[in-house]
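Asks: Structure incoming, see below.
A short reminder: the numbers here are calculations on the coordinates, not readings from a lab. None of these values were measured; they are calculated from a predicted model. Cβ coordinates were reconstructed from backbone atoms using ideal geometry, including for glycine residues, and neighbour counts include every protein chain displayed.
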Amino acid sequence: MISAYSLSLPPCIAFGAGCRHRVGEILRQQAGSAAPRVFAVCSGSLRRQGCLDEIAARAGLSFCGVFDAVPHDPPLECVDAIMEQLALTSADAVVALGGGSVIDAAKTAAVLARVADRVRPCFEGHAAIVRPGLPMVALPSTAGTGAEVTPNAVLSDHLKGVKRSIRSPFMVPVAALVDPELTLSLPPEVTAHSGLDALTQAVESVISRQATSFSRPLATAAAAALWGHLERAFLDGADLEARTRVAEGSLLGALAFAQSGLGAVHGLAHPIGHALSLPHGLTCAILLPHVLRLNLPACRETLDALATAMGRRDAEDLIDGIDDLCRRLGVPEGFAPYRLAEADLETIIANSRSGSMKANPRDLDDDTLRDLLQRLS
Ligand SMILES: [Fe+2]
């Protein structure tokens, strides 16, 4: 475990039922104005449900523009479209209300708003993000990605067939308002997928090579909270206590993995998700037990300790328990239902060598990854 680290976190993190209503006060402070010009990026369904209007009315805000058409796995063109609309509004701040895709697209558009009109040069590493953009406040409506506190955004380049992160310390939102009430209307399938993403992130953070004495206790607490409450939230979406513990697990896990990095599940999940157009959390959940079994020789002691914190006997018992939980939450045992083809494997392996893979506790060579993917096909 690493004992030297530096933290790059949102200056304001609020958690709890109703905290979304602090957004007006925070945006007024950030913009230095009693009537800030705020641009909203919002999920289409939350806008239709009136959630954005409710928040705006309670916060005394009116928006100078709203973008509500962010698809899953946002493509570069979506970020360009937000930047184009932002440029027309002379906004002083951005608010994002939605899941990880909405927050990631908004974060990227906000940081580039004053310095670029296209995201591709940054995404391809030809241009660096060297200064802050517009202040951005994130209100996550799912409990899973942790995008509200991380310094990166996952974007898809459909032209070149890749999905990966764009990263800068200036992409950390100025405020993350994590309000579990926003997750009450999530359908069970989204609850399961986003919650299993959060569980994967927490477990990968605990065993990461780059885990620190800051990140590991947070990630352990996150894994325990998710373990104890995700199934309850899945079975009864209106259970506010379960929703609260799951949202907190997601937040704590994200604070941890923003420092520690992730692991081979996330290294593989992006190229597999891209190849099969699968939800990110579902892809992670299918991989998690299998990757943990591969990693076990390199992190047995740490996984044993995590198992104890989660009320399981030992590492093997924990991995079996995760496998069982995935089945109860409707996750299949492998990728066979989604037709993972032999022809896709080499591209997936080639595109899996990200920062996440470097943080994995064990080096996994191409042959080991190929064998794993063939077993799951
Ligand atoms: Fe994830």
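Asks: How big, in percent, is the set of alpha carbon pairs in the range 219-338 lying more than 20 Å apart?
Replies: I get 46 percent for the Cα pairs in the range 219-338 exceeding 20 Å.
Asks: Order these by the 10 Å Cβ neighbour count, fewest first: S250, S3, S354.
Replies: Going from sparsest to densest Cβ surroundings: S3, S354, S250.
Asks: What is the Cα centroid distance between the range 54-81 and the range 130-180, reported in whole angstrom?
Replies: Spelled out, the Cα-based centre of one part sits 14 Å from the other.
Asks: Taking the alpha-carbon distance from K358 and a cut-off under 20 Å, which lysines remain once sequence neighbours fewer than 8 residues away in the same chain are dropped?
Replies: K163
Asks: With a 10 Å Cβ neighbour count serving as the proxy for reagent exposure, in which order, fewest first, do C326, C19 appear?
Replies: Taking fewest neighbouring Cβ atoms as first place, the list is C19, C326.
Asks: May I ask you to sort L294, L278, L139 by Cβ crowding, counting other Cβ atoms within 10 Å and putting the fewest first?
Replies: Final ranking by Cβ density, sparse to dense: L294, L278, L139.
Asks: Over the chain, consider all pairs of different Cα atoms and compute the Kirkwood hydrodynamic radius from their mean reciprocal separation; express it in Å, one decimal.
Replies: Taking the inverse mean of 1/r over all distinct Cα pairs, the chain comes out at 20.6 Å.
Asks: Still on this model: For the range 12-181, place one equal point scatterer on every Cα, skip the solvent, and apply the Debye formula. What is log10 of I(q)/I(0) at q = 0.11 Å⁻¹?
Replies: Scattering profile of the range 12-181, log10 relative to I(0): -0.38.
Asks: Which FRET efficiency, nearest 0.05, do A341 and L88 yield, Cβ-Cβ r, R0 30 Å?
Replies: About 0.10, to the nearest 0.05.
Asks: Let me ask something else about it. Can you compute the modelled spin-label distance between R167 and A309, with each label point 7 Å from Cα toward Cβ, in nm?
Replies: With each label point 7 Å from Cα toward Cβ, the separation is 2.2 nm.
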